[in-house]
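Worksheet: the structure to be examined is printed underneath.
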Amino acid sequence: MPPLHVETPRTKVRTQGGRIVIERSGEVLARIALNEIDEVSLSAGVEVTGDALRRLLRSKIAVSWTTRNGVCLGRLGPVGEARWRRIVAQHALWSDPARRVVAARSLMTELHEATVGLVAAHRANHPSAELKQLHARLREFEPRIETALSIDTLRGVEGRMAAIYWQAFSCMLRGEFDFEQRTRRPPQCAVSALLSYGYALLANEVTGRIAASGYDPALGFYHVLRPGRPALALDLMEPWRRRIIDRLVLRSVNLRNYGAEDFRRAPAGSGVWLTTEAAHRYRQLYDQFMTRTKGCKSCLRERISRRIQTDLRRLYKEPNEHKEEPTLEPLSESLLHDAPQTTRADRLRHTVLETASSTGQDCLRSD
């Protein structure tokens, strides 16, 4: 089930019967059945009643609070989410350097495959001598990953691979935006802003799945541990950055779904960010992409959730409660390549109340 995102400032979230009610200035914007969601995400300026929190927790629905740029500030989940045996297993892995290297090497191998695969897929439709050369250089990293003997070595390989990948990414862009290098915290260009916002959405989703499984999202095995950082979520989502967000951004930029008017530059060099309307439109594209079932029995969100469960069991030696180990369905190339899109005309027709009343699922942020 998809999370519910409530983003419009000065809105109020309450419950009535078996539904969540979202209202603003006494006007009801949306009603959503509790059995249709598994998490509620609240952005800046959104109020939630105490009764609503209690009802959500009783219904095993977690609540998270995010900034306007999509970064998760905190999360409230039902009692029993964190299971001590699983937390102990996480600490055991973190304390064992040899096991951590094995896990990290497997992670970097999958990231490498996703990176090379994305560039190869683009080359098939848009041949380029420069991209061919960069693709060949990316493929050379496979043996370096396989022979790495420490986490620091793997991080060094990842950094060098990323430098070449972002050169290739720049070659794959055909829109109006310049992209010389990947910047973050804060992003300094429009393309980096799109990437950062997408990564934040994906990280929030993976964090929720990990916490709901009884593990601590902050205790990973590859990323450096820092206060407030969901290291385990960042670990597990690495390959999905390429498979989901980078593909979505490439397609959106190349189809010119975003223009200069969709971004704002913060004062004093504080970065480039999506406007309120553009951020909401991005989230819609992301949710459409994650819920597509083209060529598959289940949507991408469901398959990622199952994959996370499998990865957690394998990482922490957790015996499967079922007789057979769940298997991940092969990724459909059509599902990944045909990312959803909107047109400039769609943007001009878009308004706060139209979106809220027509979808009944989430509310638009506005300044």
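The values are calculated or read from the model by the stated rules, or taken from the named source; none is laboratory data. Because the structure is predicted, anything quoted here is derived from the model rather than measured. Note: ideal-geometry Cβ built from the backbone for every residue, glycine included; neighbour counts use all protein chains shown.
Being closer than 17 Å to Trp166 by Cβ, among the charged types (D, E, K, R) and buried (at least 19 other Cβ atoms within 10 Å of the Cβ): is that true of Arg247 here? Let's see the steps before the verdict.
Values: closer than 17 Å to Trp166 by Cβ: yes; among the charged types (D, E, K, R): yes; buried (at least 19 other Cβ atoms within 10 Å of the Cβ): yes.
Taking the combined requirement at face value, the residue satisfies it.
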Might you check whether a residue that is over 21 Å from Ala211 (Cβ atoms) and either surrounded by 19 or more Cβ atoms within 10 Å (Cβ to Cβ) or in contact with a Lys or Arg (Cβ under 8 Å, 6 or more places away or on another chain) (or both) occurs anywhere in region 264-272?
-> yes
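Taking into account only those residues within region 74-90 that are farther than 16 Å from Lys317 by Cα and exposed (fewer than 12 other Cβ atoms within 10 Å of the Cβ), which is modelled with the highest pLDDT? Walk me through it before giving the result.
To start, the set of residues in region 74-90 that are farther than 16 Å from Lys317 by Cα comprises 74-82.
Now narrow it down to the ones that are exposed (fewer than 12 other Cβ atoms within 10 Å of the Cβ): 74, 79-80.
Working: Gly74: 77, Val79: 69, Gly80: 62.
Selected residue: Gly74.
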His5: passes all of (1) touching a Lys or Arg at 6+ places or on another chain (Cβ under 9 Å); (2) surrounded by fewer than 21 Cβ atoms within 10 Å (Cβ to Cβ) but (2)
Listed by range, strands (runs of 3 or more DSSP E) wholly within region 11-55 having at least 1 residues that are more than 21 Å from Trp65 (Cβ to Cβ) and of a type in the set (D, E, K, R) are 19-24, 27-33
Review point. Ser252: touching a Lys or Arg at 6+ places or on another chain (Cβ under 9 Å) and buried (at least 18 other Cβ atoms within 10 Å of the Cβ), yes or no?
Key: no
